[in-house]
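The values are calculated or read from the model by the stated rules, or taken from the named source; none is laboratory data. Everything numeric here is computed off the predicted structure, so don't read it as measured data. All Cβ positions, glycine included, derive from the backbone under ideal geometry; neighbour counts span all protein chains shown.
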Amino acid sequence: MTTTTVRLPPAQPPGTVLGTAPAIAESADAYRASGGYGATTGPGELLAHLAASGLRGRGGAGFPAAVKLRSVRDRGGHPVVVANGEEGEPGSAKDRWLLRARPHLVLDGLARAAAVTGAARGFVYLSDPAAGESVRRALAEHPPPLPVEVVETDHTYVAGEETSVVRRIDGGPALPTAKPPRPFEQGVGGAPTLVSNVETLARIALTAARPDLRDTIARSTLVTLSGGPVSPLLTEVPYGIPLRALADRYGNPGAAGALMGGLFGGLVDADALDLPLEPDALIAAGTALGCGAIHFLAPGRCPVTTAADAAAHLAAESARQCGVCVSGTAAVGKALYGLAAGTAGPDTADSLDRWARGLRGRGACGLLDAAAGIAGSLLRSFPHLVRSHLAAPCPVCAGAAPADGRHRLTVAVPVVAGAPVPARPPRPAPSPTPFPLPALKGTP
Amino acid sequence: MKLLLDSTRCQGYGLCQEPAPDLVELDEWGYARLITLVVPPGAEDEARACAESCPNSALRLEG
Ligand code: SF4
Ligand code: SF4
């Protein structure tokens, strides 16, 4: 497997999530020295800054953070906040990198989200053991103003879906449930629950530290770039940068297109690389930024192989709860495999089109939508390739060995060196006290 | 009134379609697909019969 390389930006602008030393786990002292854990921005003020900057969630759906915070706060009761660090997209490494390298930035954001919503209890939800170790060390180093528990899960495509998160924290399997209710209505232990992606929380903490930079913070994003010919890259870019410029910067000039947003944005062709990396512009063009994972199609690779790889991944990762998802992902996977392997029947294009339109919104979570999107986007972006693959077997696909494809989309998490651990007595373990808990004291 | 389908419960028995052909169709594998989320006025009885017909309680009414 290839290793993700983290490129350090040459100049260190303040207010970046990558920070000044992406390859080293940040200590509490270093985080404080950068302006973290400060008390200058109160919860009300912070919420106003987030509303003004329009910060969007970075887990994939891109929902405005301020709206989400407000809906949890306005439900009343004893809300719960969850830092969601379980990234199921195979092409994304940013969330696990963030927890490994900058746990304090995330925990600061979590405490601030708790202060905004009135939550008295927090969780960090993750699957990566190195991330878990980093977060536990950070919690001991700088005890948060509310009890925060680390909940571990198995790494699957759907484990980070917000209803899976709630179910797992409540002691169940990490599998999605039918919606409604959504977690903000009824989440952990039945309480209104904010399930927030860790990068979103990091940007909330950065906004609190540097409200003057709020717009830059809201309009930048971590991206995981892969697809070859060079090894994957984790970096941070401003919204608006053309996808083509991103492909150049990554080291894949002349990309034939891309698989966007993890597996959620589907395939786009080379012309679409003129689009700006901007959530609304991408949605309007029928694709999506999602979690910021972009797999550029290297020249010399066939997009049909990539579509087959993606569908194989989704079929294998179906949580097998919804009959329609089991049947639908298997059907799409088999058809695309057939297309790549040169064994597809003449009705394949019609079937793919029917599934692309008929499977959307049918499963309890978005996995089935992603499979429908892969089928539909291949037909839309590369119709000539679908035709040519039906006419004759594709030598490029044959060379890529379509059968072992799904791992070609997986990137490795960048290695982060451990920070020196200052000698401090460990804090007592956070007690899983039942509600109600003492009111928040605010972020120290 | 809304008709909601819990896909995790739908086993593809297909029993819901007969009492409510205007609200539910069955896909190529026999799983239910809602034709409309909001039950049109006048179709409330149909929606109720539809929800009751599912042996696995995959369908429910809201509002
Ligand atoms: S849509 Fe698929 S992955 Fe999602 S809950 Fe249903 S079976 Fe599981
Ligand atoms: S009767 Fe129930 S299980 Fe059968 S298709 Fe309808 S909703 Fe699904």
With respect to B:LEU59, determine if the residue is closer than 23 Å to A:LEU367 by Cβ, hydrophobic (A, V, I, L, M, F, W, C) and surrounded by 14 or more Cβ atoms within 10 Å (Cβ to Cβ). yes
Could you list, in sequence order, all residues of the stretch B:27-63 that are under 21 Å from A:CYS325 (Cα atoms) and touching a Lys or Arg at 6+ places or on another chain (Cβ under 7 Å)? B:ASP27, B:ARG33, B:LEU37, B:ASN56, B:SER57, B:ALA58
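Select, from A:PRO402, A:PRO395, A:PRO426, the only residue that is modelled with pLDDT under 80 and surrounded by fewer than 14 Cβ atoms within 10 Å (Cβ to Cβ). Steps first, please.
Numbers: A:PRO402 fails: surrounded by fewer than 14 Cβ atoms within 10 Å (Cβ to Cβ); A:PRO395 fails: modelled with pLDDT under 80.
Being modelled with pLDDT under 80 and surrounded by fewer than 14 Cβ atoms within 10 Å (Cβ to Cβ) holds for just one of A:PRO402, A:PRO395, A:PRO426, which is A:PRO426.
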B:GLU28 fails exactly one of (1) surrounded by fewer than 16 Cβ atoms within 10 Å (Cβ to Cβ); (2) within 15 Å of ligand 1 (Cβ to nearest atom); (3) among the acidic types (Asp, Glu), namely (2)
More than 17 Å from A:ALA83 (Cβ to Cβ) and at pLDDT 95 or above: which single residue out of A:ARG214, A:ARG182, A:ARG168, A:ARG203 fits that description? A:ARG214
Residue count, the stretch A:320-354, condition out of contact with any His (no Cβ under 9 Å at 6 or more places or on another chain), over 24 Å from A:ARG167 (Cα atoms) and surrounded by 24 or more Cβ atoms within 10 Å (Cβ to Cβ), comes to 4
Tell me which residues, restricted to the stretch B:12-52, are more than 13 Å from chain A (Cβ to nearest Cβ) and near ligand 2 (Cβ under 6 Å from one of its atoms). B:LEU15, B:CYS16
Among the residues that make up the stretch A:289-301, is at least one of them part of a loop (DSSP other than H, G, I, E, B) and within 14 Å of another protein chain (Cβ to nearest Cβ)? no
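Please go through the stretch A:92-149 and pick out each residue that is hydroxyl-bearing (Ser, Thr, Tyr), within 22 Å of A:GLY57 (Cα to Cα), crowded, with 24+ Cβ neighbours inside 10 Å and in contact with a helix residue (DSSP H, G or I) (Cβ under 9 Å, 6 or more places away or on another chain).
The initial filter retains those residues of the stretch A:92-149 that are hydroxyl-bearing (Ser, Thr, Tyr), namely A:92, A:117, A:125, A:127, A:134.
Okay, now just the ones that are also within 22 Å of A:GLY57 (Cα to Cα), so A:92, A:117, A:125, A:127.
Subsequent filtering for residues that are crowded, with 24+ Cβ neighbours inside 10 Å retains A:92, A:117, A:125.
A:THR117, A:TYR125, listed by residue number.
With the stretch A:64-161 as the region, which helices (runs of 4 or more DSSP H) entirely inside it contain at least 2 residues that are more than 16 Å from ligand 2 (Cβ to nearest atom) and either within 14 Å of chain B (Cβ to nearest Cβ) or farther than 20 Å from A:GLY418 by Cα (or both)? Explain how you work it out, then say what you get.
Numbers: elements: A:65-74, A:94-101, A:103-117, A:129-141.
Because the criterion is at least 2 residues that are more than 16 Å from ligand 2 (Cβ to nearest atom) and either within 14 Å of chain B (Cβ to nearest Cβ) or farther than 20 Å from A:GLY418 by Cα (or both), the helices (runs of 4 or more DSSP H) in the stretch A:64-161 that meet it are A:65-74, A:103-117.
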What number of residues within the stretch A:357-375 satisfy the criterion of being surrounded by 21 or more Cβ atoms within 10 Å (Cβ to Cβ) and either away from ligand 1 (no atom under 16 Å from the Cβ) or of a type in the set (Val, Ile, Thr) (or both)? 1
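When you scan the stretch A:190-200, do you find a residue that is in the same structural domain as A:GLY57 (by TED's automatic domain parsing), surrounded by fewer than 19 Cβ atoms within 10 Å (Cβ to Cβ) and more than 22 Å from A:ARG56 (Cβ to Cβ), even just one?
Residues of the stretch A:190-200 that are in the same structural domain as A:GLY57 (by TED's automatic domain parsing), as a first pass: A:190-200.
Filter again for surrounded by fewer than 19 Cβ atoms within 10 Å (Cβ to Cβ), leaving A:190.
Pick out the ones that are also more than 22 Å from A:ARG56 (Cβ to Cβ) and you get A:190.
Among the residues of the stretch A:190-200, at least one is in the same structural domain as A:GLY57 (by TED's automatic domain parsing), surrounded by fewer than 19 Cβ atoms within 10 Å (Cβ to Cβ) and more than 22 Å from A:ARG56 (Cβ to Cβ), which makes the answer yes.
For the stretch A:162-173, give me the residue count where each residue is within 14 Å of chain B (Cβ to nearest Cβ) and either buried (at least 19 other Cβ atoms within 10 Å of the Cβ) or in contact with a helix residue (DSSP H, G or I) (Cβ under 7 Å, 6 or more places away or on another chain) (or both). Break it down into steps so the answer makes sense when it comes.
From the stretch A:162-173, those within 14 Å of chain B (Cβ to nearest Cβ) are A:163-164, A:167, A:172-173; that's our starting set.
Narrowing the set further to residues that are either buried (at least 19 other Cβ atoms within 10 Å of the Cβ) or in contact with a helix residue (DSSP H, G or I) (Cβ under 7 Å, 6 or more places away or on another chain) (or both) leaves A:163-164, A:167, A:173.
The number of residues fulfilling the criteria is 4.
Tell me the residue from A:ALA159, A:ALA120 that is closer than 21 Å to B:THR8 by Cβ and among the hydrophobic types (A, V, I, L, M, F, W, C), please.
On the way: A:ALA120 fails: closer than 21 Å to B:THR8 by Cβ.
Only one candidate passes the filter, namely A:ALA159.
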Assess whether B:LEU4 counts as being within 13 Å of another protein chain (Cβ to nearest Cβ), within 16 Å of ligand 1 (Cβ to nearest atom) and either basic (Lys, Arg) or over 25 Å from A:ASP353 (Cα atoms) (or both). yes
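With the requirement that a residue be more than 18 Å from B:ILE35 (Cβ to Cβ) and away from ligand 2 (no atom under 15 Å from the Cβ), what does the stretch A:356-367 give you?
Step one: filter the stretch A:356-367 for residues more than 18 Å from B:ILE35 (Cβ to Cβ), giving A:356, A:364-367.
Within the stretch A:356-367, A:ALA356, A:CYS365, A:GLY366, A:LEU367 meet the criteria.
Each row is one residue, and each column tells you yes or no for (1) modelled with pLDDT under 95; (2) farther than 23 Å from A:GLY91 by Cα; (3) within 13 Å of chain B (Cβ to nearest Cβ).
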residue	(1), (2), (3)
A:ALA311	no, no, no
A:GLU317	yes, no, no
A:CYS325	no, no, yes
A:LEU336	no, no, no
A:THR343	yes, yes, no
A:PRO346	yes, yes, no
A:ALA349	no, yes, no
A:ARG354	no, yes, yes
A:LEU368	no, no, yes
Tell me the residue from A:ALA255, A:ALA272 that is in contact (Cβ under 8 Å) with a residue 24 or more places away in the chain and part of a loop (DSSP other than H, G, I, E, B), please. A:ALA255
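Does the stretch B:49-61 include one or more residues that are within 16 Å of ligand 1 (Cβ to nearest atom) and out of contact with any Ser or Thr (no Cβ under 9 Å at 6 or more places or on another chain)?
Here is the first cut: in the stretch B:49-61, the ones within 16 Å of ligand 1 (Cβ to nearest atom) are B:56, B:58.
With out of contact with any Ser or Thr (no Cβ under 9 Å at 6 or more places or on another chain) added as a condition, the list becomes B:56.
Yes, the stretch B:49-61 contains a residue that is within 16 Å of ligand 1 (Cβ to nearest atom) and out of contact with any Ser or Thr (no Cβ under 9 Å at 6 or more places or on another chain).
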